[in-house]
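Below is one structure, written out as structure tokens; comments come after it.
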Amino acid sequence: FQINDRIDGTATDGFEELKFLFQRNFTNKLERNGAALAVYYKGKLVVDLWGGWADRTNNKDWAKETLANIFSCTKSLAAICMAMKVHSKECDYSDKVTKFWPEFGKNGKEDITIDMILTHRAGLPYFEEELTLEDGADRGKISKTIEEEAPKYPPGSKIAYHPITFGWLIDQVFSRIDSKHRTIGEFLRDEVQQKHSTSLLRCRYLCS
């Protein structure tokens, strides 16, 4: 593929190193296509960079207005919500899931902890049962599916990315920890968006 390491944008004083590191991703072929980076510090935009290609044919440069499809950004939000529960002493990362969800502890899942789910070590990177889009939005269905699943490897023994199941797993555990039994999306709305006047997109149910 053709390298395009031309970088546009700005980095204010004290953040110039980020521009060098960002460009190095392209020069060293770590970034094959295009990317953008924005960093806010104390409420001010201090880094605003973009570069690389904006199309598959390597003919169009990435521009300031180029749109990008972002995957898995809700995983970090889910982790933040769980961290808030740990901070409030409602749970601990080392707690077994069965402490809050006894029905989970079947078919070899008895010792899976909250930490294992958050760090993709639960052994459930995919489910054996084939699910439809409608199933994915049915929390009761997802709950039963998870309860019957068996780990694909001994939980905690290795990391295997849980691309889709992460959201279902952590949301089911979270709603059982929360005293109001809210989903992560509902908790974000109540405890983050409304309390702190943030402009989070409405998220009824996190699933990725």
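Read the figures in this text as sums done on the coordinates, not as results from a lab. Please read these numbers as outputs of a predicted model, since none were measured by experiment. Note: ideal-geometry Cβ built from the backbone for every residue, glycine included; neighbour counts use all protein chains shown.
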Taking R0 as 45 Å and r as the Cβ-Cβ distance between Val86 and Asp55, the FRET efficiency 1/(1 + (r/R0)^6), rounded to the nearest 0.05, comes to 0.55
Quick calc, segment 73-196, dipole around Cα centre from Cβ unit charges on Lys, Arg (+) and Asp, Glu (-), nearest 20 debye, gives 420
Rounded to one decimal in nm, the spacing of the 7 Å Cα→Cβ label points at Arg6 and Lys96 is 6.0
Taking every C-alpha to C-alpha distance in segment 128-192 and binning by 5 Å from 0, the per-bin percentages run 3, 14, 24, 24, 17, 12, 5, 1
Note to self, the chain gives a 222 nm [θ] from helices alone (DSSP H runs n ≥ 4, -39500 (n - 2.57) apiece, / all residues, nearest 500) of -8500 deg cm²/dmol
Scalar couplings 3J(HN,Hα) for segment 103-118 by Karplus 6.51 cos²θ - 1.76 cosθ + 1.60 (θ = phi - 60°), nearest whole Hz, x for Gly and Pro, are 5, 5, x, 10, 6, x, 9, 4, 9, 5, 9, 4, 4, 5, 5, 5
Taking Cα pairs closer than 8 Å and at least 6 residues apart, the relative contact order of the chain in percent is 16
For the pair Ser76 and Tyr40, the simple spin-label estimate (label points 7 Å beyond Cα toward Cβ) gives in nm 1.2
In terms of the charge dipole of segment 73-196, which places +1 on Lys and Arg and -1 on Asp and Glu at the beta carbon, the residue among Phe127, Ser88, Ile146 farthest towards the positive end is Ser88
Going from the fewest other Cβ atoms within 10 Å to the most, one would list Tyr93, Tyr161 as Tyr161, Tyr93
Using alpha carbon centers only, segment 1-61 is separated from segment 102-171 by a whole-angstrom value of 36
Surrounding charge for Pro125, neighbours by C-beta under 15 angstrom, Lys/Arg +1, Asp/Glu -1, total +2
Footprinting proxy, Glu149, Glu186, Glu90, Glu130: sorted fewest to most Cβ within 10 Å, the residues are Glu130, Glu90, Glu186, Glu149
Most exposed first, judged by fewest Cβ atoms within 10 angstrom, Leu37, Leu124, Leu133 run Leu133, Leu37, Leu124
